[in-house]
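Here the structure comes first, spelled out in structure tokens, and everything after it is commentary.
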Ligand code: ADP
Ligand code: MG
């Protein structure tokens, strides 16, 4: 009996898990799956990014859904379009041996009528962004009055993005008897507030210490003059020819500008930000996943929660305004037990911010120097 069997998962899920190549459950899966399978309970689960939270709720959810009944039974709320699509894909992979189970992604920037049509055809699971979901409810295009499960995924991110009101309004449209499962990397006050307001004596699961960073990521910073940021980025890329990275900038404008410069200088780069059309964003993500792009230059919003295998480096071209965001950025690498490096390019005056981050992630940074041109040429 393998470890997934011991958790109580059924044959169709075990087959799918085998296809996925998952050998053992991650810690959050090991803790959450039996509880969710055996009990009808609300749950708050905290685990760092990259620890397999999608399957921690996805597996038990799929096992509990009645695939013979085409009514909507579960709503998964997630912060961004990209994540929405990612979760939908995962759920489809997990449920590939279950006949009649339908999952629909509902998110902004794509046709609402097409999404409504898919829902109407009979989807037991809806994966939605709060904004679009609220829109569908307002227009009477979806009925969530009889769902059994509501999952708030990446709850901290959703609240960070200002979805508090939408979430409250959506939840108040669901029945009291449902179970609510909240998954989050961190537990800021707003998440606690949602849990208190909408959950009944939730079971709690915490993996690792609250808010701390992933043990598989090492953190480095490079001090440069403000005008040398771009040069430093190029040198880092040159010194790591196999780099496969997400480069974070603070604004859409900087994101676009840095990506354009990199492309001009001959690097495999692309920009990902909210001013792109949905089709453009999907295209960029596809090329990045396919590794045609080595440096994905992105804003925080666009790159939120993105799960791409084997990202070697996260580069903070600029530090985020909110220190907590650093955790989410660095969580793009070091996923599923792999090692990764999170790099921060800063000016001298920003060094104190490094110390604040060290306190939050409970890990130390290494100070490094940018490889000089000569070293790179050697
Ligand atoms: P989180 O939501 O906690 O950030 P994800 O659910 O996105 O994490 O999972 C991160 C990565 O780990 C994904 O690529 C996923 O396929 C992989 N993964 C999840 N569970 C396992 C497992 N038990 N064994 C191996 N890989 C896993
Ligand atoms: Mg996740």
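When you scan the stretch 324-345, do you find a residue that is away from ligand 1 (no atom under 16 Å from the Cβ), touching a residue at least 24 places away in the same chain (Cβ under 8 Å) and surrounded by fewer than 20 Cβ atoms within 10 Å (Cβ to Cβ), even just one? No; the residues of the stretch 324-345 include none that is away from ligand 1 (no atom under 16 Å from the Cβ), touching a residue at least 24 places away in the same chain (Cβ under 8 Å) and surrounded by fewer than 20 Cβ atoms within 10 Å (Cβ to Cβ). What's the total number of residues in the stretch 331-357 that are under 17 Å from residue 208 (Cβ atoms), touching a strand residue (DSSP E or B) at 6+ places or on another chain (Cβ under 6 Å) and modelled with pLDDT under 90? Here the count works out to 3.
For the stretch 139-189, filtering for residues that are loosely packed, with under 15 Cβ neighbours inside 10 Å and within 16 Å of ligand 2 (Cβ to nearest atom) leaves 0. Given the conditions (1) touching a strand residue (DSSP E or B) at 6+ places or on another chain (Cβ under 8 Å); (2) within 16 Å of ligand 1 (Cβ to nearest atom); (3) under 19 Å from residue 203 (Cβ atoms), which single one is not true for residue 88? Here residue 88 meets the rest and fails (3). Beta carbons closer than 6 Å, at least 6 apart along the sequence or on distinct chains, pair a first residue in the stretch 15-42 that is under 14 Å from residue 60 (Cβ atoms) with a second that is more than 12 Å from ligand 1 (Cβ to nearest atom) and in a loop (DSSP other than H, G, I, E, B) for 16/96; 16/97; 34/8; 37/8; 42/199; 42/200; 42/202.
All conditions in (1) surrounded by fewer than 15 Cβ atoms within 10 Å (Cβ to Cβ); (2) within 9 Å of ligand 1 (Cβ to nearest atom) hold for residue 26, with the sole exception of (1).
Residues in the stretch 136-165 that are under 25 Å from residue 65 (Cα atoms), touching a helix residue (DSSP H, G or I) at 6+ places or on another chain (Cβ under 8 Å) and away from ligand 1 (no atom under 16 Å from the Cβ): 136, 137, 141, 142, 144, 148, 149, 150. Per the conditions (1) surrounded by fewer than 24 Cβ atoms within 10 Å (Cβ to Cβ); (2) within 16 Å of ligand 1 (Cβ to nearest atom), the sole criterion not satisfied by residue 121 is (2). Output yes when any residue across the stretch 267-277 is surrounded by fewer than 18 Cβ atoms within 10 Å (Cβ to Cβ), within 23 Å of the chain's Cα centre (by Cα) and under 22 Å from residue 331 (Cβ atoms), and no when none is. Yes, some residue in the stretch 267-277 is surrounded by fewer than 18 Cβ atoms within 10 Å (Cβ to Cβ), within 23 Å of the chain's Cα centre (by Cα) and under 22 Å from residue 331 (Cβ atoms). In this entry, residue 350 passes the filter for residues that are touching a residue at least 24 places away in the same chain (Cβ under 8 Å), under 28 Å from residue 188 (Cα atoms) and out of contact with any helix residue (DSSP H, G or I) (no Cβ under 8 Å at 6 or more places or on another chain).
The values are calculated or read from the model by the stated rules, or taken from the named source; none is laboratory data. As the structure is a prediction and not an experimental result, all values here were calculated from the model. Neighbour counts are summed over all protein chains in view; Cβ atoms, including those assigned to glycine, are modelled from backbone coordinates with ideal geometry.
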